[in-house]
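First up is the structure itself, then whatever we jot down about it.
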Amino acid sequence: MSSILCTLTRNLRNLELECNINNLKCLVISRRYKCRDIELPSNVGPKAAKFRRIVHYPEEYTVKPLNVTNLGGRDPKTGRLVVKGIGGGIKRKYHWIEWKRVGPKDDVPPLAERVIDIMIDYCRTSYIALVAGGDKMKYYLATENMKPGDIIYTSQYIPRIPVAAKEGDAYPLGALAVGTLVHNVEKYAGKGGFYVHAAGSSATISRKVGDRVIVQLPSKLEVSLPQECMATVGRLSNVEHEKTPVGSAQKMREMGNRPRSGLWQRKDGRHGRKIRPPPPLKEINPQTDFVKPEELKLTLNCDMYYTTKLW
């Protein structure tokens, strides 16, 4: 019905009528309904984060903080409000994370890199590590016990015996032992880390079946991945993030989260939780002796009740 109205409105928008009123020629143009057809964005739920900010990436990788454009929950093309509860906040710079760990694919010494600094990135929950190797500097996700001055290694070779990796090292899943905690796990080999980016989270290598590796994600979901997929060893940093309270409503606004509408309340209202008194105490005692119910014998004969007229 709405599409039909929009079509009619679009046709009436350019309608020009000429009428004679007291020999006066006038031009009538319909401008009552000013609307246009706009397609709603798809996949709003799982991809709601794309309506928070737009990051302006340069052509080449850089460690320089990138400029962002806050969207406030609006679609960048149409300007329509798509996601509620987003807006305001302190405007932060964005640090470009290098999701791909590239190393030698042959049986040679792995690539060594040094951790320069551990930093806070306000656009994500875990800490980030500024790493230098050769003539390049990159940002990686920092592990729980990573500190400046550490040497981390990267290799894409899968040996016959699992390697003894430490925190921050990146190896293929087939090169790591069963039970190893990993993060930044690739879904497709060579495409960059896809799983486990949140603070304090980690996945576990549960078992190996042929050339496939079964990884248990933090949600307890198990995925079967090729053994060539890269993963970083260790648990992610900022472990106390989940247990740290926000503290105040002003802090929530600084984070870029707007308050809820207030129409829905948890403890009252039509859809809210009701506060009711608890049920009375029910005392349950073990059964002692089984008492057989008494049998009753009916002596009144009612066979002729409906066939004989009694009045």
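Brief remarks on what is shown
- Ordered by solvent-accessible area of protein heavy atoms (1.4 Å probe), largest first, the residues R260, R53, R207 come out as R260, R207, R53.
- Modelled label reach - D117, point 7 Å along Cα→Cβ, region 56-81 residues with backbone N closer than 20 Å: 61-68
- FRET efficiency for R92 and R276, using Cβ-Cβ distance with R0 set to 41 Å, rounded to 0.05: 0.35
- When all protein chains stay in place and ligands, DNA and RNA are ignored, the 1.4 Å accessible-area order of D135, D211, largest first, is D135, D211.
- Working note: Cα atoms of region 135-180, range along each principal axis, descending, whole Å: 31, 25, 15.
- Cα centroid separation - region 69-115 against region 147-208, whole Å: 20 Å
- Charge dipole of region 121-212 (Cα centre as origin; +1 on each Lys and Arg Cβ, -1 on each Asp and Glu Cβ, all else neutral): 300 debye, rounded to the nearest 20.
- Rg/Rh for region 101-249 (Cα atoms only, Rh after Kirkwood) is 0.98.
- S126 long-range amide H proximity, modeled H, under 5 Å: A199
- Whole-Hz ³J(HN,Hα) from phi, Karplus 6.51 cos²θ - 1.76 cosθ + 1.60, for region 112-121, glycine and proline x: 9, 9, 10, 7, 8, 7, 10, 10, 9, 10
- Gyration tensor (Cα) of region 177-233, equivalent ellipsoid semi-axes in angstrom: 16, 13, 9
- In region 55-148, the portion of solvent-accessible area held by carbon and sulfur atoms comes to 51 percent [1.4 Å probe, whole percent, DNA, RNA and ligands not counted].
- Solvent exposure of I116, expressed as accessible area, is near 80 Å², computed with a probe of 1.4 Å over the protein chains only.
- Sorting E242, E295, E254 on solvent-accessible area from highest to lowest, probe radius 1.4 Å, gives E242, E295, E254.
- A simple spin-label model places pseudo-atoms 7 Å from Cα toward Cβ; at V102 and T204 they are separated by 3.5 nm.
- In the complete set of protein chains, residue-level accessible area for R212 is approximately 90 Å², probe 1.4 angstrom.
- FRET E, pair V239, Y61, Förster distance 22 Å, beta-carbon r, rounded to 0.05: 0.15
- Dimensions of region 44-172 along the principal axes, based on C-alpha atoms and rounded to the nearest Å, stand at 55, 30, 28, largest first.
- Charge tally for K100 (other residues, Cβ to Cβ under 9 Å; Lys, Arg +1; Asp, Glu -1): 0.
The values are calculated or read from the model by the stated rules, or taken from the named source; none is laboratory data. Worth saying up front: this structure is predicted, and the values here are computed from it rather than measured. Glycine also receives a Cβ, built like all others from the backbone with ideal geometry; neighbour counts cover every protein chain displayed. Each accessible area value is taken on the protein alone, full model and side chains, heavy atoms only, with ligands, DNA and RNA left out. Shrake-Rupley method; radii C 1.70, N 1.55, O 1.52, S 1.80 Å.
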